[in-house]
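The values are calculated or read from the model by the stated rules, or taken from the named source; none is laboratory data. Model, not experiment: these values are computed from the prediction. All Cβ positions, even for glycine, are placed from backbone atoms using ideal geometry, and neighbour counts span all protein chains on display.
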Amino acid sequence: MKKFIYLFIAIGFVFTSCNPMEDIYDNIDAALEKEGIIAKDFEYTLVEDDYKETLELDYANFNSDEDAKTLVSEFLNIAYPYFGVTYKADGSIDEASSAIITYALYNRIDTYEAVVREVESTEYAPITGNTYGNFDRDSHLQDYLNQEYPDAEEDDFVSLRYDYYSGTTNTLTNGFVFDGTLWNQINGFTEEEYEEMGESFPNFSFEDEALSKIPEFLSTEGVETGAILSVMYELYDSGTTTSYTENYTFDGTEWTEYNNVQTKMLQFGHNGTTWVPDNTITYTLATADYASVVSALEGTYPTQTASVGNYTNFDRRNGNAAYWSSDMLVEAMNVVLDILDPSAEEDQKYTVTFDIYNGSNTTENISVIKTGGVWVLQ
């Protein structure tokens, strides 16, 4: 099977304001923080000084996600010493600080070049077992390349022009990079696509022309910010057609040349001692969620769900007939989260805020983690 070298990585950007009033509020906030440890949720994008001065790194990026997890935790402990957790009267954690950190990761993606090789008409039949003069499945391409390059080494690159049948027969030119096991495909442009880019032939005449036209041509529809895409194009020079690959990244508006540094995001939470990588998602119950709990649990807890249906909150008055214990609330959260996020992976965490009545109308939080396919109290 082929693996397309399309790397889509979903990321986020943090924008800051230059409003001077915000600076004043930040100073007030900082003064309040020094009165004691507080719980706070915030977002931050690391800047060059954070890498080189605070963390004393040589470059303004991390070498791996594991390095990021360790070093961002160190940075947060240095930069935000007053953000931590607050405690309930019984000593348990009430609220914990969380941070969404955007950082730069060094992630080199190689580029390749090779003279285009055309598959001869007689070369199809031994691979496909028929005389149609084309390939018609991806395994044919793997078999052909393995046959023609039996001693291929990891990172070897081949540019192949061939006929491929998929409803109709088309002539394609694609690149293939060997990873030690499979030949991974990098898509080239079709004859029609070269026409759309204003070319009379299925190639470019100059590199500058290719690099200016390609990012304008690439589709932005449905592409997430931070996506990385490898493409292949042809240059014709003195009777020889050579293929080159180029990597692009999408900045939310347009495709730009990829510079081997990828923007990524990690969430961290404070555990009372230090900052740790955290995949916790925060969620506040909506009206429909309370209705879902009623529908799912009214046979098990008729009095309690009747109260939820009437007041759209959970009764937390211990001893009251409509009282929801912590174990019952976990059952309710299982109902809600299985609807909200049915494909959540193992160890996914949620902190859910919900309305309660404990003599007055207020809210509570509950933290759960998916374990063994069910949501359990964290």
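Go through region 198-226 residue by residue and tally those that are over 28 Å from Thr263 (Cβ atoms) and either part of a loop (DSSP other than H, G, I, E, B) or not aromatic (Phe, Trp, Tyr) (or both).
Qualifying residue count for the region: 9.
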Q: Would you please list the contacts, defined by Cβ atoms under 6 Å and residues six or more apart or on different chains, that run from a residue in region 334-351 that is without any contact (Cβ under 8 Å) to a residue 40 or more places away in the chain and closer than 19 Å to Gln267 by Cβ to a residue that is among the acidic types (Asp, Glu) and part of a loop (DSSP other than H, G, I, E, B)?
A: none
Q. Taking region 172-214, which residues are acidic (Asp, Glu) and surrounded by fewer than 18 Cβ atoms within 10 Å (Cβ to Cβ)?
A. Asp179, Glu191, Glu192, Glu193, Glu195, Glu196, Glu207, Asp208, Glu209
(Q) Out of Pro150, Pro126, I need the residue that is outside the structural domain of Asp67 (by TED's automatic domain parsing), in a loop (DSSP other than H, G, I, E, B), free of Cβ contacts under 8 Å to residues at least 24 places away in the same chain and out of contact with any Asp or Glu (no Cβ under 7 Å at 6 or more places or on another chain). Which one? (A) Pro150
Q: Select from region 215-236 the residues that are crowded, with 20+ Cβ neighbours inside 10 Å and of a type in the set (A, V, I, L, M, F, W, C) and list them in ascending order.
A: Ala227, Leu229, Val231, Met232
Q. Does region 362-369 contain at least one residue that is modelled with pLDDT under 90, under 28 Å from Thr86 (Cα atoms) and crowded, with 18+ Cβ neighbours inside 10 Å?
A. no
Q. Would you pick out the residues in region 337-361 that are over 20 Å from the mean Cα position of the chain (by Cα), small (Gly, Ala, Ser) and surrounded by 11 or more Cβ atoms within 10 Å (Cβ to Cβ)?
A. none
Q) Which residues, counting only those in region 308-324, are surrounded by 12 or more Cβ atoms within 10 Å (Cβ to Cβ) and either assigned to a loop (DSSP other than H, G, I, E, B) or in contact (Cβ under 8 Å) with a residue 40 or more places away in the chain (or both)? A) Tyr311, Thr312, Asn313, Phe314, Asp315, Arg316, Arg317, Asn320, Ala322, Trp324
